[in-house]
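Right, one structure below, let's go through it.
The values are calculated or read from the model by the stated rules, or taken from the named source; none is laboratory data. All of these numbers come straight from a predicted model, not from anything done at the bench. Cβ atoms come from the backbone with ideal geometry, glycine included; neighbour counts cover every protein chain shown. Surface areas here come from the heavy atoms of the whole protein model, side chains and all, with no ligands, DNA or RNA. Shrake-Rupley method; radii C 1.70, N 1.55, O 1.52, S 1.80 Å.
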Amino acid sequence: MAKLYFRHGAMGSSKTANALMVAYNYYERGKAALLVKPKLDTRDEGVVRSRMGLEQKCIYVEDLVLMSDEELRKYDCVIVDEAQFCRKSDIEFMIHIVDDLEIPVICYGLRTDFQRNLFEGSMWLLAWADVIEELKTVCWCGQGASCNTRFTEDGRIIRNGAQVMVGGNDSYVALCRKHYRLGELGPKVL
């Protein structure tokens, strides 16, 4: 039986690297995995790329939802990166893929934003996914990190602003809840 998976973690927890490894595992076994990301992720057009340098071509979620059932049946798995940027209707379409076409969908993404609020895609995945798994990373202090923390060039934590600002290590760091609350980025950020 196919399932809808949500694998979430803070920034730096190797979500994208995991997604690319799963796609490769399907390929190695002669299976076809479709790699997908939302257009809102503007960092690399038509490519899913991890910080480690792994990369693979992808399509956009906005194109996935336009595919016919016949086109989708060519795939053994659908892998979605940056799933937090999906809309409720996108997640509903993924449920169609799982339940009606019996194709597993594995979603990777952030659970919460820099203010610790749920993203729309993450909220519906948490509500509807069959399997929810956390990918771990650590704070500078060595404790588990679950807070995606946006910061300025001069090392101050940003607590207000637009929910979405696509960025990487130059804009965000994962912190444990204690250091997020205290506003302590640690010795290695700057």
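Compute the relative contact order of the stretch 66-141 as a whole-number percentage, counting only Cα pairs closer than 8 Å that sit 6 or more residues apart in sequence. Intermediate results must be reported in sequence, preceding the final value.
Values: 77 pairs, mean separation 24.8, N = 76.
Contact order relative to length: 33 percent.
Leaving out ligands, DNA and RNA, and with a 1.4 Å probe, what % of the accessible surface on the stretch 1-66 is carbon or sulfur?
Accessible surface attributable to carbon and sulfur in the stretch 1-66 totals 51 percent.
Quick one: pull the percent of accessible area on the stretch 89-172 belonging to carbon and sulfur, 1.4 Å probe, ligands and nucleic acids left out. Don't skip to the answer; put the middle values down first.
Details: 1900 of 4140 Å².
That fraction is 46 percent.
Please state, rounded to one decimal and in Å, the Kirkwood hydrodynamic radius that the stretch 5-97 gives when every pair of distinct Cα atoms enters the mean of 1/r.
On the way: mean 1/r = 0.0736 Å⁻¹.
For the stretch 5-97, inverting the mean 1/r across all distinct Cα pairs yields 13.6 Å.
Mind checking the angle between helix 88-99 and the chain's longest principal axis? C-alpha axes, 0 to 90 degrees, to the nearest 10.
50
Report the number of Lys pairs in the stretch 1-148 whose alpha-carbons are under 22 Å apart, with separation of 8 or more residues or on distinct chains.
Lysine pairs meeting both conditions in the stretch 1-148 amount to 21.
Arranged from highest to lowest average of other beta-carbon atoms within 10 Å per residue, in what order do the peptides 35-42, 180-187 appear?
Top of the packing list down: 35-42, 180-187.
Taking R0 as 30 Å, what's the FRET efficiency between Glu62 and Arg116 from their Cβ-Cβ distance, rounded to 0.05?
0.60
Of the peptides 98-108, 146-156, how do they stack up when ordered by the mean number of other Cβ atoms within 10 Å, highest first? If you can, show how the numbers build up before the last one.
Working: 98-108: 19.9, 146-156: 15.7.
Those peptides, ordered most packed to least, come out 98-108, 146-156.
If each DSSP helix of 4+ residues adds -39,500 (n - 2.57) and the sum is divided by the residues in the chain, what number results at 222 nm, nearest 500 deg cm²/dmol? Could the numbers behind the result be given before it?
Numbers: 6 runs with 49 residues, N = 190.
Dividing the helical sum by the residues of the chain leaves -7000 deg cm²/dmol.
In 10 Å bins starting at zero, report the fraction of Cα pairs in the stretch 35-168 per bin as a rounded %.
11, 38, 35, 12, 3, 0
Give the angle, between 0 and 90 degrees and rounded to the nearest 10, that separates the Cα long axis of helix 15-28 from the longest principal axis of the Cα atoms of the chain.
Roughly 30 degrees between the two axes.
Based on the alpha carbons, how large is the Rg to Rh ratio for the stretch 90-169 when Rh follows Kirkwood?
1.05
Averaged per residue, what accessible surface does the chain expose to a 1.4 Å probe, in Å²?
Per residue, the chain has 53 Å² of solvent-accessible surface.
Please report the relative contact order for the chain, taking Cα pairs under 8 Å with a sequence separation of at least 6, and give it as a percent rounded to a whole number.
27
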